[in-house]
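The values are calculated or read from the model by the stated rules, or taken from the named source; none is laboratory data. What you see is a predicted model, and the numbers here were worked out from it, not measured in a lab. Positions of Cβ are generated from backbone atoms using ideal geometry, with glycine treated the same way; all protein chains shown enter the neighbour counts. For accessibility, only protein heavy atoms count, side chains too; no ligands or nucleic acids. Shrake-Rupley method; radii C 1.70, N 1.55, O 1.52, S 1.80 Å.
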Amino acid sequence: HVTLGQPVTVKLDVRGLTNDEITNVAVIDLLPGGFEILRDTARKGADTAHCDYVDLREDRALFYASISPSVTTITYQIKPTNRGEFVVPPSYAESMYERGINGRGIASKITVIDAK
């Protein structure tokens, strides 16, 4: 449960399953309905320094990077703008030039309640 208007930290852990670095990977994180990105927390900076490019849209955040065998964490914040229960779509990553390289997270649910 999260409170309406209270920022929520999103952490994406990404790693490659081979011993080699995978270049030109797009990591796509779709937002749950009723949430918006706090843009200043997702711009290219400390928590996204390893990303080559960050593209923020109304319904998703896209991070372009090279992925190594060690875990890379991408962190940013979102804010709930509506009350209710929402599905958190699975994040996914895919190579922009090699169709067979991709990965997917798992979906979940999040409930937004009023502040007491």
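Laid out as a table, the results:
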item	result
Given (1) out of contact with any Lys or Arg (no Cβ under 8 Å at 6 or more places or on another chain); (2) open to solvent by less than 40 Å² (accessible area, probe 1.4 Å); (3) over 17 Å from Val2 (Cβ atoms), number of the condition Cys51 does not satisfy	(1)
Given (1) within 28 Å of Lys109 (Cβ to Cβ); (2) out of contact with any helix residue (DSSP H, G or I) (no Cβ under 8 Å at 6 or more places or on another chain); (3) surrounded by 11 or more Cβ atoms within 10 Å (Cβ to Cβ), number of the condition Thr23 does not satisfy	(1)
Test: residue in segment 40-52 that is among the aliphatic types (A, V, I, L, M) and either in a strand (DSSP E or B) or in contact with a Pro (Cβ under 8 Å, 6 or more places away or on another chain) (or both)	no
Pair list, Cβ < 7 Å and 6+ apart or interchain, from segment 100-113 residues that are touching a residue at least 24 places away in the same chain (Cβ under 8 Å) to residues that are in a strand (DSSP E or B) and loosely packed, with under 14 Cβ neighbours inside 10 Å	Lys109/Glu85; Lys109/Val87; Thr111/Glu85; Val112/Gly84
Set Val71, Val54, Val14, Val10: member being without any contact (Cβ under 8 Å) to a residue 24 or more places away in the chain, touching a strand residue (DSSP E or B) at 6+ places or on another chain (Cβ under 9 Å) and under 27 Å from Lys109 (Cβ atoms)	Val54
Count of segment 5-33 residues which are at pLDDT 95 or above and over 19 Å from the mean Cα position of the chain (by Cα)	0
Glu94 being among the charged types (D, E, K, R) and modelled with pLDDT of 95 or more	yes
Failed condition for Gln77, given (1) under 27 Å from Asp114 (Cβ atoms); (2) open to solvent by less than 30 Å² (accessible area, probe 1.4 Å); (3) in contact with a helix residue (DSSP H, G or I) (Cβ under 7 Å, 6 or more places away or on another chain)	(2)
